[in-house]
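The values are calculated or read from the model by the stated rules, or taken from the named source; none is laboratory data. Only a predicted model underlies this, so the values are computations on that prediction, with no experimental measurement involved. With ideal geometry, Cβ positions are generated from the backbone for all residues, glycine too; neighbour counts draw on all protein chains shown. Accessible surface is based on the protein model in full, side chains and every heavy atom, while ligands, DNA and RNA are left aside. Shrake-Rupley method; radii C 1.70, N 1.55, O 1.52, S 1.80 Å.
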Amino acid sequence: MIDMPSLTSGNAMLMRDTAMQNTFVCQPQQRNIHGRVFGGFIMRRAYELAFATAYMFAGQRPTFKEVDEVTFMRPVDVGDLLKFRSCIIHTAASASCPNKATIYAEVVASVAQPEQVASNMSNMLTFVFEVSQDHVADADTRKGSSAASPRTVKRVLPATNEEAQKVYQFFPGQAG
């Protein structure tokens, strides 16, 4: 069930249980005129992972709303092993529509250097998605029952001080 956070019981889950990741080697076709990996490529890959994370978390296809924050801390070179880690850092009722929820997904990109047993953060991106909180058919509906149950987006709770500080950075006064 942890692979599908939307199917877990309860109305809240730990931030770490929403995490997804992927890793790949940066290729020459992804370089910019300076010979480094193009920032737009990193943003696209981060968006794809954030979208997948929000989709798995909510149990329905999210609608992209905005890029909340993008930080480029250090360049990424061709041949680097780039690791993306994404998690949901916050959920809230939508300010624009009462039957929708807003989901904030953060993606951290790091250059892994296995030979040096090191990893350096290169980018941090935050994406905002929106999903419906209307009645969603559950497993019994798909089996022939006509009942639909309301599915609301779960609250995300920090489990460590670092996670709580991350939430507080974006949403002062709402770290839990």
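Note down all Cβ pairs under 8 Å where the first residue falls in segment 46-65 and is closer than 14 Å to I88 by Cα, the second is among the acidic types (D, E) and open to solvent by 40 Å² or more (accessible area, probe 1.4 Å), and they're at least six residues apart or on different chains.
That search, which allows pairs on different chains as well, returns M56/D3.
If I filter segment 28-51 for residues that are more than 15 Å from the chain's Cα centre (by Cα) and among the aromatic types (F, W, Y), do I get at least one hit?
yes
Table: residues versus (1) closer than 15 Å to A105 by Cβ; (2) in contact with a strand residue (DSSP E or B) (Cβ under 9 Å, 6 or more places away or on another chain).
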residue: M15; (1), (2): yes, yes
residue: F24; (1), (2): no, yes
residue: P28; (1), (2): no, no
residue: R44; (1), (2): yes, no
residue: A50; (1), (2): yes, yes
residue: R61; (1), (2): yes, yes
residue: K65; (1), (2): yes, yes
residue: V78; (1), (2): no, yes
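Of the residues that sit in segment 85-100 and are in a strand (DSSP E or B), open to solvent by less than 50 Å² (accessible area, probe 1.4 Å) and not hydroxyl-bearing (S, T, Y), which one is farthest from Q29 (Cα to Cα)?
Among residues in segment 85-100 that are in a strand (DSSP E or B), open to solvent by less than 50 Å² (accessible area, probe 1.4 Å) and not hydroxyl-bearing (S, T, Y), the one farthest from Q29 (Cα to Cα) is A92.
For segment 6-27: of the residues being surrounded by fewer than 12 Cβ atoms within 10 Å (Cβ to Cβ) and farther than 24 Å from I103 by Cβ, which is farthest from the chain's Cα centre (by Cα)?
Q27
Among (1) modelled with pLDDT of 85 or more; (2) outside any helix (DSSP H, G or I), which single condition is A175 missing?
(1)
Restricting to segment 44-84, and then to whatever is of a type in the set (S, T, Y) and assigned to a strand (DSSP E or B), can you tell me which residue is surrounded by the most Cβ atoms within 10 Å (Cβ to Cβ)?
Filtering first and then ranking leaves T63.
Pull up segment 111-134, narrow it to residues that are closer than 20 Å to A92 by Cβ and in a strand (DSSP E or B), then point me to the one that is modelled with the lowest pLDDT.
The residue in question is S132.
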